[in-house]
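Down below is the structure, laid out as structure tokens.
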Amino acid sequence: MSILRPCALPGVLAIAVLLAGCGSVGGLTGLPNPGVSENTPPAVTSVVPAADSVAPSDTPISATFNKAMSPDTLDVKAEPSLSFGPAQWSDDAKTVTVRPNPPLTPGVRYTVRLRARDRQGNQMAADYTWSFSAMAPTGVAGEGRLRLAERIDVGLDARVFTLFAAILAATPDAPPGEPGTVTVAVRAKVAELPSRVADPVRRFINERQAPAEQYLAAALQLSAPPEFRESAVPGRAAAPAAGQQPVPVQRPPAVTGGTSTPRPESRDLSGLGPVLAQFYASAGIGDLWKAHERAYAEALEASRKEGPALLGSAADYLRVAAVPGGRITLLPNLLGAPGQGFLVRQGDRTYLVAGAPVGVNRLGLVRPFVRMLLDPVRGQSPDQVQRTEPLFLQAREAAARGGYRAWSEVVVESLVEATAIRLALSGDAAAAALRAAYARGLVLVDHFSAQLTDYERTATTLVEFYPRMVAAVDLELELRRWAERKPN
């Protein structure tokens, strides 16, 4: 594990922030947990399966506490009722695991309630309750989380903050959705900048019209602020994922095309380093970064706590044999739109940039990860994809507004979105996310969401199940659904 060197920033970020040139991203970083006194009531810090997740039916149930517990006081109940084998405790008495016997029933949603006392006799302030659903066993229950545990780093990056502050300065209109408090505060600050400070980033972004993932790919190859040296920046940045829109100052030309339309061409982003260096110095970005250090520290801790479990659950749900991407670094970004997330692969490292994995931002973290895992389905079942293309003729305009130029992209991205929503959200939040996805042109998202229920009863991988899902599309039904629901 690498050792972080103190950075130039004061306060807590001096030891918690990962910055190129001032510490590597090779280890798990975060803020130390505050001490827990003997009289403090014990509390659950994490659970498996994760809340609102879908887990293989042979998954054991475990909970981790913030204190050493008294094993004899553990009480676990489930609804529907479950029988458990003997509880197994970790050596430090902080983690307990129970295995349902018989295993969970696929397709059933369970609610588990537990309580226990710590070694000092303190009772939990309240019973801990969470819910999850079961699917068919995979033979590797929980292995996704275990396989990823040693591969995930969590950190903060001032290059990402500077880039998105520049994008806020360059884009006059707020992104859709309810912005977070940090976004509102930073947007207000950069809106006050004189033209001589904001114009260089506006010109750079307006002239290139690149997707945000391309800007991220280029920024993450720069040295740390304030220099932002470009020595490592290649001529072209990484290609964008399907559905990632450019970051425009002026609206780009109308998007048209069919199934053969290519994805947006990668832009030459050389020169980004000097632009960001000037913006960082002239706009006082270092002070802004420091002003929001507490919010980022909290996002860092939330990512450290929830991120690995969420990604591990995704790997288990898709039943993947191996997760590509080498090391995975989670970088919280509090300046993006709610639920927005990006994945950038550079060499043997994969960066996931998203808001703290709470609420709708869980979707921002898991969506690009699911997209990477489902990449093998692209190009599969071409005859079935072509059979359903008449739906694209009706929904082309909405799909274009959503950034989707080809019907094949709409099909795959509908599956990506349905799967990500299944993993990240539940109840009303999931229903709202499905409606929003449909409105932006992912017109098969409801079909795939329903098909996932059938998938969960099988023991195959989602990639292998995909052809059956596409073949099951009822074109006439989907055309009628579009006629009833198409956005104005």
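Please specify each residue of segment 368-411 satisfying the condition of being buried (at least 20 other Cβ atoms within 10 Å of the Cβ), part of a helix (DSSP H, G or I) and of a type in the set (Gly, Ala, Ser).
Ala395, Ala399, Ser408 - these are the residues of segment 368-411 that are buried (at least 20 other Cβ atoms within 10 Å of the Cβ), part of a helix (DSSP H, G or I) and of a type in the set (Gly, Ala, Ser).
Just checking, does segment 434-446 include any residue being outside the structural domain of Thr105 (by TED's automatic domain parsing), under 23 Å from the mean Cα position of the chain (by Cα) and over 30 Å from Gly307 (Cβ atoms)?
yes
Just name the residue that is farthest from Asp375 (Cα to Cα) out of those in segment 324-347 that are in contact with a strand residue (DSSP E or B) (Cβ under 9 Å, 6 or more places away or on another chain) and among the hydrophobic types (A, V, I, L, M, F, W, C).
Leu331
In segment 459-474, how many residues are β-branched (Val, Ile, Thr) and either surrounded by fewer than 16 Cβ atoms within 10 Å (Cβ to Cβ) or over 22 Å from Ala55 (Cα atoms) (or both)?
Within segment 459-474, the first condition is being β-branched (Val, Ile, Thr), and the residues that meet it are 460-461, 463, 470, 473.
Keeping just the survivors that are either surrounded by fewer than 16 Cβ atoms within 10 Å (Cβ to Cβ) or over 22 Å from Ala55 (Cα atoms) (or both) gives 460, 470, 473.
The qualifying residues number 3.
For segment 365-402, enumerate the residues that are out of contact with any Pro (no Cβ under 8 Å at 6 or more places or on another chain) and among the small types (Gly, Ala, Ser).
Gly379, Ala395, Ala399, Ala400, Gly402
Does Ala242 fit the bill of being at pLDDT below 90, within 23 Å of Ala400 (Cα to Cα), assigned by TED's automatic domain parsing to the domain that holds Gln346 and touching a strand residue (DSSP E or B) at 6+ places or on another chain (Cβ under 9 Å)?
No; evaluated as a whole, the condition is false for this residue.
With Leu300, Leu269 as the choices, which residue is surrounded by 19 or more Cβ atoms within 10 Å (Cβ to Cβ), modelled with pLDDT under 95, closer than 30 Å to Thr64 by Cα and not assigned by TED's automatic domain parsing to the domain that holds Glu409?
Working: Leu269 fails: closer than 30 Å to Thr64 by Cα.
Going through Leu300, Leu269 in turn, just one is surrounded by 19 or more Cβ atoms within 10 Å (Cβ to Cβ), modelled with pLDDT under 95, closer than 30 Å to Thr64 by Cα and not assigned by TED's automatic domain parsing to the domain that holds Glu409: Leu300.
Scan Val360, Val385 and give me the residue that is closer than 14 Å to Ala420 by Cβ and in contact (Cβ under 8 Å) with a residue 24 or more places away in the chain.
Answer to the check: Val360.
Please indicate, with yes or no, whether at least one residue in segment 255-262 is at pLDDT 50 or above and among the small types (Gly, Ala, Ser).
no
(1) more than 18 Å from Leu363 (Cα to Cα); (2) surrounded by fewer than 21 Cβ atoms within 10 Å (Cβ to Cβ); (3) in contact (Cβ under 8 Å) with a residue 24 or more places away in the chain: which one isn't true of Asp446, the others all being true?
(1) is the only condition that Asp446 fails.
Output the qualifying pairs, or none if there are none: Cβ atoms under 8 angstrom, residues six or more apart or on different chains, first residue in segment 172-185 and more than 17 Å from Ala433 (Cβ to Cβ), second residue modelled with pLDDT under 90 and part of a loop (DSSP other than H, G, I, E, B).
Pro172/Val249; Pro179/Ala337; Pro179/Pro338; Gly180/Pro338; Gly180/Gly355; Thr183/Gly336
The values are calculated or read from the model by the stated rules, or taken from the named source; none is laboratory data. Just so we're clear, the structure is a prediction, and the values are computed from it rather than from any experiment. Positions of Cβ are backbone-derived with ideal geometry, glycine not excepted, and every protein chain shown enters the neighbour counts.
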